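Read the structure below first, then the notes.
The values are calculated or read from the model by the stated rules, or taken from the named source; none is laboratory data. All of these numbers come straight from a predicted model, not from anything done at the bench. In this analysis, Cβ positions are derived from the backbone assuming ideal geometry, glycine residues included, and neighbour counts consider all displayed protein chains. Accessible surface is based on the protein model in full, side chains and every heavy atom, while ligands, DNA and RNA are left aside. Shrake-Rupley method; radii C 1.70, N 1.55, O 1.52, S 1.80 Å.
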Amino acid sequence: KEAVRLDDAYMQVLVDINISDIYGRNKMHRQSLIYLDQAEALLHRQHVNEQSFTMMIRVNKAESYFSMGRADSLSKYSRLLQGMKVASPRLYTFQQRNIYALELLNGRFADALARLIMLKKDPYYAFDLTDEENLADALFKTGQLDSARAVARRLISDPALQNHPEVSLTLYEMLGRIAMAKTEKDRAIQRLNEALQQAKAQMTRLIE
């Protein structure tokens, strides 16, 4: 509201991108896209020439479309990012991440897994929690259940995730699916119950 009152287009775009981040982290992707569309419209209408903003809008849209399973939309924003020339060390990471994300959405799990393994060794790629989650997913979808379980367990035990139920929820759910695939009924019930507790924690945090 203050940015609007000041009629500061630069600040309004920055605020919209940051609000989209908050919605995106909490898996509320439709709301995230609303703010990204608003930021994009402001850039064009106010002629704000800031390529880093354009990059982040495209990155956030690509992440939302990936999470929503919309391969065509992800492909569009992946192509736009591939064609960008921005002096940002993060651009290469975003470009490569979208390549394997498309492979995952298109069912090319073995290709995605091979790319993830390669990127983990790439000194120019900033391999982070998002990639670790996707690595566990790719391992699971290629039938490497024990390896997928090992990655998910390692992530859950990370102290940095203790206050992030939106992330832990996905990991516990994956562990539950792995246990079901291995016909470990009691363990599956336990893991899915833990996922439910994380979902409740996330909802409580959102309401607060």
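Some notes on this structure:
- Taken together, Y10, Y23 contain a single residue that is at pLDDT below 90, farther than 19 Å from L104 by Cα, hydroxyl-bearing (S, T, Y) and in a helix (DSSP H, G or I), which is Y10.
- Each residue in region 1-28 was checked for being among the hydroxyl-bearing types (S, T, Y) and out of contact with any Phe, Trp or Tyr (no Cβ under 6 Å at 6 or more places or on another chain), and 2 pass.
- For region 135-148, a residue qualifies if it is open to solvent by less than 20 Å² (accessible area, probe 1.4 Å) and of a type outside the set (A, V, I, L, M), but none of them does.
- Count - residues of region 26-55 that are touching a helix residue (DSSP H, G or I) at 6+ places or on another chain (Cβ under 6 Å), over 24 Å from Y92 (Cα atoms) and assigned to a helix (DSSP H, G or I): 4
- Summed over region 138-158, the residues that are among the aromatic types (F, W, Y) and not in a helix (DSSP H, G or I) give a count of 0.
- Annotation note: Cβ proximity below 6 Å between a residue of region 118-130 that is open to solvent by 60 Å² or more (accessible area, probe 1.4 Å) and a residue that is part of a loop (DSSP other than H, G, I, E, B) (sequence gap 6+ or interchain) occurs for K120/F127.
- Taking the criterion of being loosely packed, with under 14 Cβ neighbours inside 10 Å, under 23 Å from Q202 (Cα atoms) and free of Cβ contacts under 8 Å to residues at least 40 places away in the same chain, the residues of region 1-33 that qualify are N18, I22, R30.
- Residue in region 188-208 that is most open to solvent (accessible area, probe 1.4 Å), counting only those that are among the polar types (S, T, N, Q) and more than 16 Å from N26 (Cα to Cα): Q190
- Residue pairs meeting the criteria (Cβ under 6 Å; at least 6 apart or on separate chains; first on the phi < 0 side of the Ramachandran plot, in region 77-89; second surrounded by 13 or more Cβ atoms within 10 Å (Cβ to Cβ) and of a type in the set (K, R)): Y77/R58; Y77/K61; L80/R58; L81/R58
- Filter result for R108 (over 23 Å from L206 (Cβ atoms), open to solvent by 40 Å² or more (accessible area, probe 1.4 Å) and at pLDDT below 95): no
- Scanning region 56-68 for residues that are open to solvent by less than 20 Å² (accessible area, probe 1.4 Å) and either assigned to a loop (DSSP other than H, G, I, E, B) or within 23 Å of D7 (Cα to Cα) (or both) gives a single hit, I57.
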